[in-house]
Each structure stands twice: as C-alpha cells, then as structure tokens.
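Structure, as structure tokens:
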Amino acid sequence: MPKFKCSNSKPPEEFWKVQPTLVKFEQKMKVAESMKSRMGRPKYESLWEISHINHQRSRYIYDMFHKKRMITRPTYDWLLNHKYGDAELIAKWRKQGYENLCCLQCIERSDANRTCICRVPKSIETQQNPACKSCGCQGCASSD
Ligand SMILES: [Zn+2]
Ligand SMILES: [Zn+2]
C-alpha cells in the first residue's frame with residue numbers, strides 16, 4: 001500500500017504537465033459512471049469501460065515517469081497517493097510477465113487454478129470469445 005502523506009496535499013509544481021490529460025480521463029470517467037445506470041445497457045459494458053479508463057490513466061502516469069521520464073519521483077508519488085493512478089496495478093506492471101496486465105481482478109481470483117482467459121497467450125488460445133469477465137480484456141499476456 002502506498003504511504004499517504006497528508007501534509008503533502010498541494011499539487012506539485014510539475015502537475016501542469018499531466019493535468020490536461022488527467023482532466024480528459026476524469027471527464028471520460030464521469031461519462032462512463034453516468035452510463036452505468038442507463039436502462040437497457042448491459043452492466044458489464046459500463047464496468048469494462050470504467051476498468052479500461054482506469055487502466056489507461058494508470059498507464060499514462062506510469063509512462064510519464066518510468067518510460068518518458070517527464071515527471072520526477074515526488075510528482076509520481078503524489079499522483080499515486082492522490083489516486084490518479086492505480087498504484088497496485090502499476091506495481092504489477094513492474095514485474096516480468098505482467099507488463100500488460102489489464103486489471104487486478106484478473107489475477108486476484110479466489111479460485112487460484114483458474115487463470116483469467118486474457119492472461120493465456122494467444123498462441124494456445126482456443127476459446128471463441130476470449131474477453132475476460134471483469135474488464136473485457138482480450139489478451140494481456142506479455143507474449144501477445
Ligand atoms: Zn487481461
Ligand atoms: Zn482484466
């Protein structure tokens with residue numbers, strides 16, 4: 001779990017670098033949340049959408065720090081502490097074999113011997129419809 005620093009709630013100076021993109025994600029998230037209660041729409045569609053936005057937003061922060069090095073460690077920590085990205089999901093991406101992991105639900109199933117379908121490399125894929133139930137991911141094994 002990330003340590004939450006209460007004294008450090010003011011946005012860091014570098015926040016402007018990521019703010020426009022984060023605002024866009026926030027707007028997308030609001031739309032997705034409002035669609036959840038819409039009649040006639042399958043519930044899983046909204047859940048997948050929210051999961052997808054959450055994934056993209058975390059990936060953006062991850063890239064900004066680990067790949068592009070556009071933001072510094074304190075800014076990165078601040079963003080994660082303030083839930084702009086999913087720190088637990090990002091921690092998994094740092095591990096070999098989990099670089100593309102779509103969501104935590106896919107690896108945190110109670111029945112441990114049932115790997116989510118999207119974690120199976122495509123080469124040995126036999127299912128007709130490989131989308132996973134928790135986020136709609138169609139494949140996030142590192143070899144894909
Ligand atoms: Zn997946
Ligand atoms: Zn998933």
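In whole Hz and in residue order, list the ³J(HN,Hα) couplings for the stretch 41-55 that follow from phi through the Karplus curve 6.51 cos²θ - 1.76 cosθ + 1.60, θ = phi - 60°; x for Gly and Pro.
Result, rounded to whole Hz: 9, x, 4, 5, 4, 5, 5, 5, 4, 5, 4, 5, 5, 4, 5.
Ignoring ligands, DNA and RNA, please state the percent of accessible area on the stretch 6-94 from carbon and sulfur, probe 1.4 Å.
55
List, in order, the whole-Hz ³J(HN,Hα) value for each residue of the stretch 25-36 obtained from phi through the Karplus relation with A = 6.51, B = -1.76, C = 1.60 and θ = phi - 60°; use x for Gly and Pro.
Along the stretch 25-36, the couplings run 4, 5, 5, 4, 5, 4, 4, 4, 5, 6, 6, 4 Hz.
Structure shown: which of K67/K133; K36/K133; K24/K133 lie over 20 Å apart, alpha-carbon to alpha-carbon?
In this structure, K67/K133; K24/K133 lie more than 20 Å apart at Cα.
Going through the stretch 1-81, which trypsin sites (Lys or Arg not before Pro) have at most 14 other Cβ atoms within 10 Å and a DSSP loop state?
For trypsin sites (Lys or Arg not before Pro) across the stretch 1-81 that sit outside H, G, I, E and B with at most 14 neighbouring Cβ atoms in 10 Å, the list reads K3, K5, K36, R38, K68, R69.
The values are calculated or read from the model by the stated rules, or taken from the named source; none is laboratory data. In this text, all values refer to a predicted model and were calculated from it rather than measured experimentally. Cβ atoms come from the backbone with ideal geometry, glycine included; neighbour counts cover every protein chain shown. The protein model used for the area step is the full one, side chains on, heavy atoms only, and it has no ligands, DNA or RNA in it. Shrake-Rupley method; radii C 1.70, N 1.55, O 1.52, S 1.80 Å.
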